[in-house]
Amino acid sequence: MGNTNGPVWVIAEQIDGRILAVSLQLIGQARKLADELGTSVEVVLLGDKLGGQPQPLFAAGADRVYLGDSPELAFYQPEIYTEIIVKLAQERQPEIVLIGSTARGRELAPLVAARLATGLTAHCIELVLDENGILEQIIPAYGGLLSITCPERRPQMATAATGVFPTPELDETKTGEIIPLEVPADLPRRIQTLEVVRQEPEGMPLESAPIVVAGGAGAGDVEGWHQIAELAKALNAALGCTRPAVDEGWAGLETMIGQSGKMVSPELYIGVGLSGELQHTVGIVGAQVMVAINNDPQAPVFEQVDYGIVDDCREFVPVLIDKIREYQEKQVAC
Ligand SMILES: Cc1cc2nc3c(=O)[nH]c(=O)nc-3n(C[C@H](O)[C@H](O)[C@H](O)COP(=O)(O)OP(=O)(O)OC[C@H]3O[C@@H](n4cnc5c(N)ncnc54)[C@H](O)[C@@H]3O)c2cc1C
């Protein structure tokens, strides 16, 4: 695709007709970029029984919504969704396409980028235009920040996680154009989602928890991990983790905090046995008070937190749990 100065696109996502927060947050960013480029914001929304659902998209800043509303789109179908989006992109020639780093978005974005023969930057934490109107897609890398651009190919494509960008103020009076999308009959159907079984999240949601305890590789093993989980329970906190805890199978991917995980902004964050790599700490910038427990006094995490405890977490955490419980019992007795 050539350089078109076309619209800024957001591929929005909904579950049961509820627009995801990340889609509204990306529309907020798209609005800023489109205003600077002097172009419009267009949103693609696919699903079934969407009825009046586009209104929040307009309220967040969309000018135009392409709405694919069909029983065939009730579940996310990677091949069909890709086909519809690619065909529309070839017609509309968007300058920029933004997609949420959700489970779907992480699959859909590279499928679309590959078909459009363009670049894609995953898990961006900032999106700005350079002096030539080229999108700088900023990610944490090599211990700092890296700006990636796609100067030749179009669209410029980027994904970002929930909470990276603020949710824009919704202007409920704003309306826009809805363009219905036909679902072509000859779509590929090699992969089909027949049923979706939802797993209810355990414990407190990370994104809204006032206290977050995050564990890392320093947990050592499952037993060490259980201690960290116990600390979270004692504090009535949400339990998060770093990448190695997911790789070891101690924690689920949905609890990973950072560039490719969740963004958290608790009143209190306690990082246990983690080094403070930027890919993790970018997810905790919204935390008010930060504490780290690490047995290496040189660990980079100590430069980023308010309070540092240099100790072996496997010895310190059980003592801390006992002290918290003692305190809590005293409070109840008073
Ligand atoms: C593109 C990309 C995206 C990524 N996205 C994410 C992301 O979203 N989230 C994320 O977390 N990571 C992410 N990573 C991985 C990230 O770069 C780091 O590798 C990871 O965060 C390190 O996890 P850690 O701190 O638990 O492990 P390590 O870096 O290995 O640190 C372990 C720490 O534990 C300490 N320790 C060891 N034993 C003990 C003990 N007994 N008591 C106390 N302390 C102890 C050590 O001193 C060390 O500081 C990403 C990487 C890439 C390349």
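How far apart, in nm, are two points set 7 Å out from the Cα along the Cα-to-Cβ line at Arg18 and at Leu187?
2.4
Assuming a viscosity of 1.306 mPa s and a temperature of 10 °C, what translational diffusion coefficient in µm² per second does Stokes-Einstein assign to region 37-117, Rh being the Kirkwood radius over Cα pairs?
Estimated diffusion coefficient is 118 µm²/s.
Tell me the accessible surface of Asp322 in square angstrom (1.4 angstrom probe, heavy atoms of protein chains only), to the nearest ten.
For Asp322, solvent-accessible area is about 100 Å².
Taking the Cα atoms of region 90-161, report the difference between the largest and smallest coordinate on each principal axis, in whole Å and largest first.
38, 32, 15
Please express the Cα-Cα pair-distance distribution P(r) of region 166-210 as a list of whole percents, one per 10 Å bin, running from 0 to the bin with the greatest distance.
14, 19, 24, 38, 5
At 10 °C and a viscosity of 1.306 mPa s, what translational diffusion coefficient does Stokes-Einstein give for the chain, taking Rh as the Kirkwood radius over Cα pairs? Give it in µm²/s as a whole number.
Calculated translational D: 74 µm²/s.
Using +1 at the Cβ of each Lys and Arg and -1 at the Cβ of each Asp and Glu in the chain, identify which of Leu88, Ala232, Val305 lies farthest towards the dipole's positive end.
My answer, from the dipole projection, is Leu88.
Based on Cβ point charges of +1 for Lys and Arg and -1 for Asp and Glu, what charge dipole magnitude is obtained for the chain about its Cα centre, in debye rounded to the nearest 20?
It works out to roughly 500 debye.
Quick check on my link table: of Lys49/Lys233; Lys32/Lys262; Lys233/Lys330; Lys49/Lys87; Lys262/Lys323, which ones sit more than 28 Å apart, alpha carbon to alpha carbon?
Lys49/Lys233; Lys262/Lys323
About its Cα centre, what dipole magnitude does region 177-238 give when the only charges are +1 on Lys and Arg Cβ and -1 on Asp and Glu Cβ, stated in debye to the nearest 20?
About 80 debye.
For a test of the definition: using alpha carbon positions, the gyration tensor, and the 1.5 limit on a/c, classify region 147-191 as rounded, prolate or oblate.
Oblate.
Could you give the C-alpha radius of gyration of region 79-230 expressed as a fraction of 2.2 N^0.38 Å, taking N as the number of residues it contains?
Output field value: 1.34.
Between beta-carbons, use under 15 Å as the cut-off and find the net charge around Ile284, counting Lys and Arg +1, Asp and Glu -1.
-3
Under a 1.4 angstrom probe, counting protein chains only, how are Lys262, Lys323 ranked by accessible area, largest first?
Descending accessible area places them as Lys323, Lys262.
What accessible surface, in Å², does a 1.4 Å probe find on Ile27, ignoring ligands, DNA and RNA and rounding to the nearest 10?
Accessible surface of Ile27 is approximately 0 Å².
Between Leu194 and Val319, 0.36 nm times their residue separation minus their Cα-Cα distance comes to what?
Difference between extended and current length: 40.1 nm.
Are there trypsin sites (Lys or Arg not before Pro) in region 49-152 that DSSP marks as loop and that have at most 15 other Cβ atoms within 10 Å, and which are they?
Answer by residue number: Lys49.
From largest accessible area down, sort Cys313, Cys334; use a 1.4 Å probe on the protein chains.
Descending order: Cys334, Cys313.
Using only the Cα atoms of region 153-307, construct the convex hull and provide its projected area averaged over every direction, in square nanometres to one decimal.
Across all orientations, region 153-307 yields a mean hull projection of 14.7 nm².
Any chance you could check the Cα centroid distance between region 88-103 and region 305-326 for me, in angstrom?
Between the Cα centre of region 88-103 and that of region 305-326, the gap is 47 Å.
Add +1 for every Lys or Arg and -1 for every Asp or Glu among the other residues with Cβ under 13 Å from the Cβ of Leu20, and state the total.
-1
The values are calculated or read from the model by the stated rules, or taken from the named source; none is laboratory data. What you see is a predicted model, and the numbers here were worked out from it, not measured in a lab. In this analysis, Cβ positions are derived from the backbone assuming ideal geometry, glycine residues included, and neighbour counts consider all displayed protein chains. Surface accessibility is based on the protein's heavy atoms, side chains included, excluding ligands, DNA and RNA. Shrake-Rupley method; radii C 1.70, N 1.55, O 1.52, S 1.80 Å.
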